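The values are calculated or read from the model by the stated rules, or taken from the named source; none is laboratory data. Model, not experiment: these values are computed from the prediction. Methodologically, a virtual Cβ is constructed for each residue, glycine included, from the backbone with ideal geometry; neighbour enumeration extends over all protein chains shown. SASA here: full protein model, heavy atoms, side chains in, ligands and nucleic acids out. Shrake-Rupley method; radii C 1.70, N 1.55, O 1.52, S 1.80 Å.
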Amino acid sequence: MVALLEVEDLKAFYGQTQALHGVTFSLQPGGITTLLGANGAGKTTTLRAICNMVRTVGAIRFDGRPIEGLATEEIVRCGVGHVPEGRGTFTNMSVDENLRVAAYTRSDKAGVERDREMVYEYFPILKARLAQQAGTLSGGEQQMLAISRALMLGPRLMLLDEPSFGLAPLIVQEIFRIMRRINGEAKVGMLLVEQNAALALELADHAYVLETGRIVMSGKASDVKSNEAIRKSYLGY
Amino acid sequence: MEQLLQQVASGLANGAIYACLALALVMIFVSTDHINFAQGELSMFSAYLVWQLIQWGLNFWLALAIVAFVSFLIGVMVERVILRPLHSAPVLSIVVVFIGLLAIFHSLAGAIWGHTIKDFPSPFPNIAFAGSGYIGPHQIGMILVTIALLVALFSFFRFTPLGLAMRAAAQNPASARLAGIRVDWMLALGWGLAAAIGAVAGSLVAPVVYLEPNMMASILLYGFAGALVGGIASPGGAVVGGFIVGVLENLIAYLGNLLEKTTGVYIIGNGEKLTVALIIVITVLTLKPSGLFGHVTVKRV
Amino acid sequence: MATTATTANSPVTAAARPAGHKWWIWLMVLLLALLPLLGGKTGLISNYGFLQLSLMIVYAIAVLGLILLTGFNGQISLGHGAFFAVGAYTSAVLIDQASWPYWATLPVAAIVCFLVGYIFGMPALRLEGHYLALATFALAVAVPQFLKYRHFEWFTNGVQGINIFKPDPPFGLPLSADQWMYLIVLFVAVLMFWIARNLLDSRAGRAMMAIRDHSMAASTMGVNVAHYKTVVFGISALYTGVAGALHAIIFEFVAPDSFRFELSIAILVGAVVGGIASLPGAVIGGIFVQVIDKYADALTKKLTTAVSLPLDLEPWTIYGIALILLMYVMPMGIAGGLTALWRKLRGS
């Protein structure tokens, strides 16, 4: 089976500063992999590097096809839905327009309609807020919108950058429950970056732990979770 | 009273042109954060193209449609070829490039068509109608075309996927890329649209001010004033601002004349129109840079 | 976005140049000052030639004014023709109406322009980058109309403008009027460049540049940004205004339409072509402005026939293309480009 995403010896730079020092990992179709680590470990940078939003060196293959060096929008068009840090809401547009923008690249009307209904089913609150300006949504609602926008692309891989950030625990649980459903029903692979390691390990099947731009350990999520030494030294709980 | 109404009516007509230009300026500003100092000369150049096609026997509207399309292509080219490589250049470089473009279009028009003033036919039939004492057919036509243009643009940006994508690209380029939108092309399209709108503005104002290479210099200043009054980041506001400035300009001159007639003191008249525009520009810029209808936008750093 | 012309590592400025090179500058000045004796006597340079040289120097001063503002303080102006006009009119009106001697009008023009610039600098404080460009653009476009204002007509003479006469050299010096004015202009220019040099080397100069590079950081270091920016606007207007006054005197004529938008553009182009953050750049820019003004037509004609275009190109087309190309190749102007080249050659 060809891996959905393969990253090999990936290095990333912000100006002169190197933020990733050769990261290698892969993700199976339909799998959920999580990247864990402290602040500044390079988790967000890894996601950004996959979408060519920072200067990178290294090989990235999506579904066996090399995508390194492609423009961000072209990578997205391959089927990579990136839910960015800060959610990337189009604040001056309505919720409806946000969703329409997200489906901009698609020409299959019926499919778009279907995905719309799917999104409404996952997040009924968005349907109630369709005409509302997206900037006025609550943080949780904006996160739901961000995930929905990525879904409207019809992706096969979603890159999720701290979906729990700044949200109340109840809402976080809700969002993670939906993410599990999305993974199961829409057969979307997920690469999840999280500060909240306990939560992420609950959802993911594989985990990689990053430290200062390097992968320091990896394994099955359940193994990582049950290994107290790792939890204590790297994940802080 | 009658005179006052007349002044307001012709102010609205002038305002229509300012509104068109303001719209073109806003179009470029929202997508690239640049103020296009060459907008006036581009419009003038387009008006000449229309004139040329009319000379070759084309109907005004057909000529305008063709030129609007050609201008669109010119706009796209200017963005892609000239401005794109300078994307991260300092503001001064960008401003200088705009000045360079201004010089090029200005002198090309002079070189190709000469500097003598040319008559430009009005596309609107010269008929009498109720209220034609206040406002001429061409002036009504200018207002109607502007409003039609605004409605068309509004629908385009609100309802079509491409319009939405352009708005998304202007608002949040990074996020737009993550929706698979080719942001660079959207900016170029914004330029193209601006150039096309400018073509309409130039061709509508040419019958009023006559065709010559300098025709747009002062009109552009009013376009700036209109854009600023309405909020340089808000297309709807720009149009309203254009109309406000057009009326304001005439009213100030009217009041100046009235004052002179009644008291014999001259303060302000037609000769000070540009100074009025200057004062409007500086006042709005310093007191309310977001304009009457604009909201404060977060500055991109 | 706030920093306009330069970044920290750009090949800025004469300010960074070692002092050891200074002697040859003074030698050049001396040679220039002797030109009327050498060139004039032998007939090598006509009176017309001296007028041309004077105009170059005048534009160099005007460009220097803009360079101080834009290159060293980061404020863009597309409207320096306005200050040039104010200086020219101040001088012409005083000579014409009050029969002042020409030399006495220069300090008055300087003061008036400083005040005008200072006042304009206050609203400009709130503007940055494109917005400031826009405000000054409006100023440039409005200038001729402003000069024609009816209530000013009694001293500006309206559209007709003012004719004045070039002064004869004093003490019966064996010089023509053009040669004498050339010396005056040269003297004023040397004085003003020398002052500018010292200003930039001073604490105040460093504060100016700090504001340009990072106004927020400058203000946290205790630089009064608002005060500096307005004063620099005033000084810049003063420089360009004095140039305007000199121009009025040697050209013997002022009229509203000599101060159209094109003049502001010419000053800007001079600054950009010469080198926006360099004093030698101002000299190059001044020469450029006058040469273009003088020879662009002929040059364009030659070029048009050389490539056998079916079109009589106008100078501005080439001007525009050259400007845009320059922004790609040498965004720091000729002086900046030469400095960078020099550094590269020396391998540092």
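Miscellaneous remarks
- Prolate/oblate/rounded call for region C:220-329, Cα gyration tensor, a/c under 1.5 rounded: oblate
- Note on region B:1-95: the alpha carbon radius of gyration divided by the globular reference 2.2 N^0.38 Å gives 1.38.
- Comparing Cα centroids, region C:82-130 and region B:145-183 end up 47 angstrom apart.
- Result for chain C in a Gaussian network model with C-alpha springs under 10 Å: among C:Met28, C:Met208, C:Met332, the largest mean-square fluctuation is at C:Met28.
- Distance from the C-alpha centroid of region A:83-149 to that of region C:316-340: 47 Å, rounded to the whole angstrom.
- Overall form of chain C per C-alpha gyration tensor (a/c, 1.5; a/b vs b/c): rounded
- Of the chymotrypsin sites (Phe, Trp or Tyr not before Pro) found in region C:117-213, those in coil by DSSP whose Cβ has at most 13 other Cβ atoms within 10 Å are C:Phe165, C:Phe171.
- Cβ neighbours within 10 Å from other chains - mean over A:92-99: 3
- Translational diffusion of region C:86-186, estimated by Stokes-Einstein from the Kirkwood radius over alpha carbon pairs at 37 °C in a medium of 0.692 mPa s, is 205 µm² per second.
- Three semi-axes of the equivalent ellipsoid, region B:211-263, Cα gyration tensor, whole Å, largest first: 25, 17, 7
- Globularity index of region A:160-204, i.e. its alpha-carbon radius of gyration over 2.2 N^0.38 Å: 1.07
- Across A:Lys43/A:Lys225; B:Lys261/B:Lys288; B:Lys261/C:Lys148; C:Lys294/C:Lys344; C:Lys166/C:Lys294, pairs whose alpha-carbon gap is larger than 27 Å: B:Lys261/B:Lys288; C:Lys294/C:Lys344
- Orientation-averaged projected area, Cα convex hull of region A:66-156 (nm²): 6.0
- The magnitude of the dipole of the protein assembly as shown, with charges of +1 and -1 set on the Cβ of Lys/Arg and Asp/Glu and taken from the Cα centre, is near 1460 debye.
- All alpha carbon pair distances within region B:106-168 were sorted into 5 Å bins beginning at 0; the resulting P(r) in whole percents reads 4, 14, 12, 11, 10, 14, 15, 13, 6, 0.
- Normalising the average separation of contacting C-alpha pairs (under 8 angstrom, six or more residues apart) by the number of residues puts the relative contact order of chain C at 33 percent.
- Rolling a 1.4 Å probe over the protein heavy atoms of region B:2-215, with every protein chain left in place, gives an accessible area that is 69 percent carbon and sulfur.
- Beta bridges from DSSP with both residues in region A:5-235: antiparallel share about 55 percent, rounded to the nearest 5.
- Shielding by partners, peptide B:165-171 (average Cβ within 10 angstrom, other chains): 4
- Rotationally averaged projected area of region A:5-235 (alpha carbon convex hull; nm²): 12.1
- When only the Cβ of Lys, Arg, Asp and Glu is charged (+1, +1, -1, -1), the dipole of region B:2-215 relative to its Cα centre reaches about 560 debye.
- Exercise: per-residue mean of other protein chain Cβ atoms within 10 Å, C:262-274: 2
- Taking one quarter of the surface of the C-alpha convex hull of the protein assembly as shown gives a mean projected area of 45.0 nm².
- Global geometry of chain B, whether rounded, prolate or oblate, following the gyration tensor of its Cα atoms and the 1.5 cut on a/c: prolate
- Centre separation in Å (Cα based) which lies between region A:162-237 and region B:38-93: 54
- Projecting the Cα atoms of B:Phe105, A:Gly219, B:Phe157 onto the charge dipole of the protein assembly as shown (Cβ charges, centred on the Cα centre) puts A:Gly219 farthest toward the positive pole.
- Chain C: DSSP helices with Cα axial extent of at least 18 Å and average Kyte-Doolittle hydropathy no lower than 0.0: C:22-35, C:47-66, C:80-98, C:102-124, C:129-147, C:177-201, C:225-251, C:261-274, C:279-306, C:315-329, C:333-346
- Once the Cα atoms are used to define both axes, helix B:39-55 deviates from the longest principal axis of chain B by about 70 degrees.
- Between 0 and 90°, nearest 10: helix B:137-159 axis offset from chain B longest Cα axis: 20
- Share of alpha-carbon pairs per 10 Å distance bin for region B:33-190, given as whole %: 9, 27, 32, 22, 8, 1
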